[in-house]
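Trainee: Got a structure for you, questions after.
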Amino acid sequence: MKITTSLIKADIGGLAGHVVVPPKLEEFARDKLKQAKETGLIIDFYVYHAGDDLQLFMTHTRGENDPEIHKLAWEIFVEATEKISKPLKLYGAGQDLLKEAFSGNIRGMGPGVAEMEFEERKSEPVLIFSADKTEPGAWNYVLYKVFADPFNTAGLVIDPAMHSGFVFEVYDVYEHKGVKISTPEESYDLLALIGTTGRYVIKRVYRKSDGEIAAVSSATRLSLIAGRYVGKDDPVLIVRTQHGLPATGEVLEAFAFPHLVAGWMRGSHTGPLMPVSLRDAKCTRFDGPPRVVGLGFNIHEGRLEGPVDLFDDPAFDETRRQAQIVADYMRRHGPFMPHRLGMEEMEYTSLPIVLEKLKSRFVPVEAE
Ligand code: F6R
Ligand code: MG
Ligand code: MG
């Protein structure tokens, strides 16, 4: 049976700032998706939040980019904005809804989308990840570790089904182009691209031996869509696991190091990506630190069994502690790079105004 999993999310309003999605928004979305389940449009769903981003995880048999599924998500975001976010004056009400009218596909309209269609296996474990206060390139490090680094994923070395490696589809989000790169033989080419996390973003990963889809991310850049600051994209990710794919624990292992990502306060700072439980999926200190939640399901005939709140575990306490230490260390740089992002990556800047003000006071100097 071919199943499609669609994870669609948007920031349509936060409580007390860009902190967290209020429960009322989640309840609204749940009601709407329950109706869609009753009509048979979707098979199952799970609604949750990561910080100020409302997350709709849906299963169905309609394939990727299905207009009805995208319309369902779009209308939930629009209606919830009108009925809840605006009357309650939630912060940034409707922030990610960049277009007026729905045009058949939610891609490019503001919300983030990750979708994959696959033949359901004998057992189908699927993990979903949602991050807040960062960008899609934040998954690059994680996906490389999971699917190409044998020091992370033992199966790359000792599971014959994975031994030939994985193919990475990388998007250039500036040029709107994609390229498929095969590992392990082209690992260095892959790293040469994906180390530039603001531009080259891993969109999909396939098992090389049979082309089976293993992972898909949301790979948009809102600021590039809108041509102005509209917040970071706060990405999502779907990963299938086990039986010839990385084990659940091999996927989670990649999150044990709180690597530095772009985003945090005003989308203009570098900070550690901290894995947290749903309970702690809210952004506080300096609007962060950037956080990721992970949920694990088993899918059977499209129905969702779960979730397991994957980071709700003392095994990640040390990662969180390291993230706090790194957060302290980075914060002490204040407005200095590399804590503050480079000029081209900052989503807030006063530089043009400052330069204009000082224009007449800049005088020629001798080159030293
Ligand atoms: C980052 C983010 C927040 C805001 C910050 C300022 O993606 O959403 O850190 O940038 O809270 O928000 P405004 O300018 O709306 O007060
Ligand atoms: Mg926000
Ligand atoms: Mg957000």
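Trainee: Does region 54-73 hold any residues that are touching an Asp or Glu at 6+ places or on another chain (Cβ under 8 Å) and either of a type in the set (Ser, Thr, Tyr) or away from ligand 3 (no atom under 16 Å from the Cβ) (or both), and which are they?
Mentor: Keep residues of region 54-73 that are touching an Asp or Glu at 6+ places or on another chain (Cβ under 8 Å), which gives 54, 58-60, 62-65.
Hits for region 54-73 are Met58, Thr59, His60, Arg62, Gly63, Glu64, Asn65.
Trainee: Could you tell me how many of the residues in region 243-298 are closer than 26 Å to Val47 by Cβ, within 16 Å of ligand 3 (Cβ to nearest atom) and of a type in the set (Gly, Ala, Ser)?
Mentor: 4
Trainee: Looking at region 302-309, can you tell me whether even one residue there is away from ligand 2 (no atom under 16 Å from the Cβ), of a type in the set (Asp, Glu) and open to solvent by less than 60 Å² (accessible area, probe 1.4 Å)? Spell out how you get there, then give the answer.
Mentor: So the first thing to find is which residues in region 302-309 are away from ligand 2 (no atom under 16 Å from the Cβ), and the list is 302-309.
Checking which are of a type in the set (Asp, Glu) leaves us with 305, 309.
So of that shortlist, the ones also open to solvent by less than 60 Å² (accessible area, probe 1.4 Å) come out as 309.
Yes.
Trainee: Give the residues of region 1-40 that are within 16 Å of ligand 2 (Cβ to nearest atom), outside any helix (DSSP H, G or I) and among the hydrophobic types (A, V, I, L, M, F, W, C), sorted by residue number.
Mentor: Selection gives Ala10, Ile12, Leu15, Ala16, Val19, Val20, Val21.
Trainee: Taking the options Ile43, Ile3, Ile76, name whichever one is within 29 Å of Asp287 (Cβ to Cβ) and either of a type in the set (A, V, I, L, M) or away from ligand 3 (no atom under 16 Å from the Cβ) (or both).
Mentor: Ile76
Trainee: So which of Asp132, Asp172 is among the charged types (D, E, K, R) and more than 29 Å from Asp44 (Cα to Cα)? If you could, list the steps in order and put the result at the bottom.
Mentor: Values: Asp132 fails: more than 29 Å from Asp44 (Cα to Cα).
Answer to the check: Asp172.
Trainee: Which pairs have Cβ atoms under 8 Å, sit 6 or more apart or on different chains, and link a residue in region 346-361 that is within 17 Å of Pro335 (Cβ to Cβ) to one that is more than 16 Å from ligand 1 (Cβ to nearest atom) and of a type in the set (A, V, I, L, M, F, W, C)?
Mentor: Close Cβ pairs satisfying both conditions: Thr349/Met343; Leu351/Met343.
Trainee: Next question, about the same structure. Could you tell me which numbered condition Glu26 fails, if it satisfies all but one of (1) within 16 Å of ligand 3 (Cβ to nearest atom); (2) free of Cβ contacts under 8 Å to residues at least 40 places away in the same chain; (3) within 20 Å of Asn105 (Cα to Cα)?
Mentor: Against the list (1) within 16 Å of ligand 3 (Cβ to nearest atom); (2) free of Cβ contacts under 8 Å to residues at least 40 places away in the same chain; (3) within 20 Å of Asn105 (Cα to Cα), Glu26 comes up short only on (3).
Trainee: Going by the structure shown, is Tyr188 within 23 Å of Ala262 (Cα to Cα) and not charged (D, E, K, R)?
Mentor: Yes, satisfied.
Trainee: Assuming Leu355 fulfils every condition listed in (1) open to solvent by 70 Å² or more (accessible area, probe 1.4 Å); (2) not charged (D, E, K, R); (3) not in a helix (DSSP H, G or I) apart from one, which condition is it?
Mentor: Result: Leu355 passes all but (3).
Trainee: Can you pull out the residues in region 75-86 that are open to solvent by 60 Å² or more (accessible area, probe 1.4 Å) and in a helix (DSSP H, G or I)?
Mentor: Answer for region 75-86, where residues must be open to solvent by 60 Å² or more (accessible area, probe 1.4 Å) and in a helix (DSSP H, G or I): Glu75, Glu82, Lys83.
Trainee: Applying the selection to region 6-23, what residues are touching a residue at least 40 places away in the same chain (Cβ under 8 Å) and away from ligand 3 (no atom under 16 Å from the Cβ)?
Mentor: The one that is touching a residue at least 40 places away in the same chain (Cβ under 8 Å) and away from ligand 3 (no atom under 16 Å from the Cβ): Ser6.
Trainee: Within region 257-275, identify whether any single residue is farther than 21 Å from Leu222 by Cα and β-branched (Val, Ile, Thr), and answer yes or no.
Mentor: No, region 257-275 contains no residue that is farther than 21 Å from Leu222 by Cα and β-branched (Val, Ile, Thr).
Trainee: What are the residues in region 21-74 that are open to solvent by less than 10 Å² (accessible area, probe 1.4 Å), of a type in the set (Val, Ile, Thr) and in contact with a Gly (Cβ under 8 Å, 6 or more places away or on another chain), if any?
Mentor: Passing the criteria: Val21, Thr59.
Trainee: For region 106-119, which residues satisfy the criterion of being at negative phi, in a loop (DSSP other than H, G, I, E, B) and either within 16 Å of ligand 3 (Cβ to nearest atom) or loosely packed, with under 15 Cβ neighbours inside 10 Å (or both)?
Mentor: Pro111
Trainee: So which of Lys145, Lys122, Lys99, Lys89 is part of a helix (DSSP H, G or I) and open to solvent by 10 Å² or more (accessible area, probe 1.4 Å)?
Mentor: Lys145
Trainee: Any residue that is open to solvent by less than 40 Å² (accessible area, probe 1.4 Å), over 21 Å from Asp234 (Cα atoms) and touching a strand residue (DSSP E or B) at 6+ places or on another chain (Cβ under 6 Å) - is there at least one of those in region 324-338?
Mentor: The answer is no; no qualifying residue exists.
Trainee: Filter region 148-165 down to residues that are assigned to a helix (DSSP H, G or I) and more than 15 Å from Ala214 (Cα to Cα) and give me whichever is most open to solvent (accessible area, probe 1.4 Å).
Mentor: Going through region 148-165, the residues assigned to a helix (DSSP H, G or I) turn out to be 148, 155-158.
Keeping just the survivors that are more than 15 Å from Ala214 (Cα to Cα) gives 157-158.
Working: Val157: 82, Ile158: 130 Å².
Here the answer is Ile158.
The values are calculated or read from the model by the stated rules, or taken from the named source; none is laboratory data. Model, not experiment: these values are computed from the prediction. Counting neighbours? That spans all protein chains shown, and the Cβs are built from the backbone with ideal geometry, glycine included. Only protein heavy atoms, including side chains, enter the accessible area calculation; ligands, DNA and RNA are left aside. Shrake-Rupley method; radii C 1.70, N 1.55, O 1.52, S 1.80 Å.
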